[in-house]
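Q: Before we start, here is the structure in question, set down as structure tokens.
We did not get these values from a lab; they are worked out from the coordinates using the rules stated. Note that the structure is predicted; figures quoted are calculated from it, not measured. Here the Cβ positions follow ideal geometry from the backbone for every residue, glycine too, while neighbour counts run over all protein chains shown.
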Amino acid sequence: MIIIKNMTISKLLHTAKSLYVLRSEPVGLIHFLTRRCNARCSFCFIDFEDEVSQNKKNEMTIQEIQKMTSTMGKSLQHVNLTGGEPFLRSDIFDIIKAYFDNAKVNSVLINTNGSYPKKINAFVNKLNEFYPEKTVVIQFSIDSYPEEHDRIRKIPGLFERTMESYEIVKKKGKGAIPSVALTCTHENYKKINEIYEFMKNEHKVKRFSAILVRDEGVFKTPESQKQEILDNYQSLTENLYRDRTNGVLLNFYEKDSFISRVINEKEKIQHENNIKMYIKPKFISNCPSASIFGVIDCDGTVHPCEVLDKPLGKLSDFNSNFLDLWRSDKTKSVKKWIKDTKCNCTYECAMTYNVMSNYEYQPRLIKKGLGF
Ligand code: SF4
Ligand code: SF4
């Protein structure tokens, strides 16, 4: 997700240069604030038995995050704060503040299971007070109807709490915007389109993202179900595209604007690519991981993405200086490896930057943006 409203001309130029020419500074990052979580979803990739990653003493401190965010270059547009459950970090507001004030990001997305309405309420109040103009998308994960959702995530009453949190953001948020993430998994694929209709019609949700479950960490998708999971994900993405095009759904821009149409088309290309690659992996276009996109783990280890097991280094070895790590020989060699091997996968976050930065997609995006 790249939000360009309120962006200064200088920031816009730096970002455009990084996206299309230099590709040496991050434009978008994912930051895992913690690996701790109060839920236990059946498809989660986190190993909750791992004592090291589950110990909050091993998470980056706010001082380290402040230092890191002061050294991220001039092109960073967007950061996705995820986990684990990000609201388990009591300093989440200070972390966002560091990204806005130091790294000058334009937008932040927080993935949450929504189980802490009081914390979310306090957080939205602070955002309204200090950053009313900034876009902060709070994305709530929903897997199924209430009872089934609570069973899959193993928290009684979770659906109700998540929707309470959703309504708080919807009613009170100035720059904060609620959204729902539907992950198509072995647990819910048969009903995923019904769940979409249920959330749209009964809960009046206007913004969605569709995620295709990946084999990652300790989770592996049962092979026998992959084709059906894919078929249902495909229908879901087609329904989302239809409803965004006819104005039933929104994205993060003014309805029917140039940028809104570009973003809808970007999502469409991204979904089409994922569908082509899910069953039989194949190369489609150059992945921008380790060049304009990357992932920071909660202990300060930086990775090209969430999938490839080739860490770029640990920030503590670079005195928390992000660009020193990003321009190191190790990062350069991984970047080259990704290009030379035509690395490919269906990881949505990297695919967003893939579609936004590769020249081959630009004519189609511009054409759609102009309304053709
Ligand atoms: S809410 Fe997210 S982090 Fe927590 S167990 Fe579920 S998938 Fe994992
Ligand atoms: S193609 Fe996938 S696995 Fe390879 S670097 Fe990109 S995001 Fe990572």
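Q: Quick one: length gained pulling residue 242 to residue 172 fully straight, 0.36 nm per residue minus the C-alpha distance?
A: That works out to 22.3 nm of additional length.
Q: Over the chain, what is the mean sequence separation of C-alpha contacts under 8 Å (at least six apart), divided by residue count, expressed as relative contact order in percent?
A: Relative contact order comes out at 19 percent.
Q: Now for a separate question. Residues with amide H under 5 Å of residue 301's amide H, sequence separation 5 or more or different chain, H placed in the peptide plane at 1.01 Å from N; which?
A: 315
Q: Send over the semi-axes of segment 114-171's equivalent ellipsoid, whole angstrom and largest first, taken as the square roots of 5 times the C-alpha gyration tensor eigenvalues.
A: 25, 10, 8
Q: Can I ask one more? Going out from 0 in 10 Å bins, what whole percent of all Cα-Cα distances in segment 222-372 drops into each bin?
A: Pairs per bin, as whole percents: 10, 32, 30, 22, 5, 0.
Q: Moving on. Given the options 327, 244, 36, state which has the largest fluctuation in a GNM of the chain using a 10 Å cut-off (strictly under) for Cα springs.
A: So, out of 327, 244, 36, the one fluctuating most is 327.
Q: Sorted from largest to smallest, which semi-axis lengths in Å does the alpha carbon gyration tensor of segment 1-139 give for its equivalent ellipsoid, taking the root of 5 times each eigenvalue?
A: For segment 1-139, the ellipsoid semi-axes come out as 27, 18, 14 Å.
Q: Which of the pairs 206/280; 17/332; 118/174; 280/367 have their Cα atoms more than 23 Å apart in this structure?
A: From 206/280; 17/332; 118/174; 280/367, over 23 Å: 206/280; 280/367.
Q: Still on this structure: May I ask what percent, to the nearest 5, of DSSP beta bridges between residues of the chain are antiparallel?
A: 15
Q: Working out 0.36 nm times the residue gap between residue 160 and residue 57, then minus their Cα-Cα distance, what length gain in nm do you get to one decimal?
A: This chain segment gains 33.9 nm when fully extended.
Q: Quick check on segment 208-247: take the gyration tensor over C-alpha atoms, sort the square-rooted eigenvalues as a ≥ b ≥ c, and tell me if it's rounded (a/c under 1.5), prolate or oblate.
A: oblate
Q: Determine the gain in length on full extension of the stretch residue 197-residue 101; use 0.36 nm per residue of separation and subtract their C-alpha separation, reporting nm with one decimal.
A: Working: separation 96, 0.36 × 96 = 34.56 nm, distance 3.90 nm.
So the extension gain works out to 30.7 nm.
Q: Quick one: go through segment 139-173 and flag any residue whose amide nitrogen is under 20 Å from the point 7 Å out along the Cα-to-Cβ line of residue 206.
A: 139-142, 163-173
Q: Rg and Dmax of the chain over Cα atoms: what are they, in angstrom?
A: My reading of the Cα-based Rg and Dmax gives 19.3, 54 Å.
Q: On a C-alpha basis, how far is the centre of segment 18-94 from the centre of segment 292-333 in Å? Whole number, if you could?
A: Computed from Cα coordinates, the inter-centre distance equals 12 Å.
Q: Using a 10 angstrom cutoff on alpha carbons, build the Gaussian network for the chain and name the most mobile of 114, 84, 313.
A: 313
Q: Compare 209, 18, 90 in a GNM of the chain, Cα atoms joined below 10 Å, and give the one with the largest fluctuation.
A: Result: 90 has the largest fluctuation of those listed.
Q: Between residue 130 and residue 224, take the C-beta separation as r, use R0 = 56 Å, and let me know the FRET efficiency to the nearest 0.05.
A: Details: r = 50 Å, r/R0 = 0.90.
With a Förster radius of 56 Å, E is 0.65.
Q: Now for a separate question. Of 97/191; 97/255; 126/268, which ones are farther than 32 Å apart at the Cα?
A: With Cα atoms farther than 32 Å apart: 97/191; 126/268.
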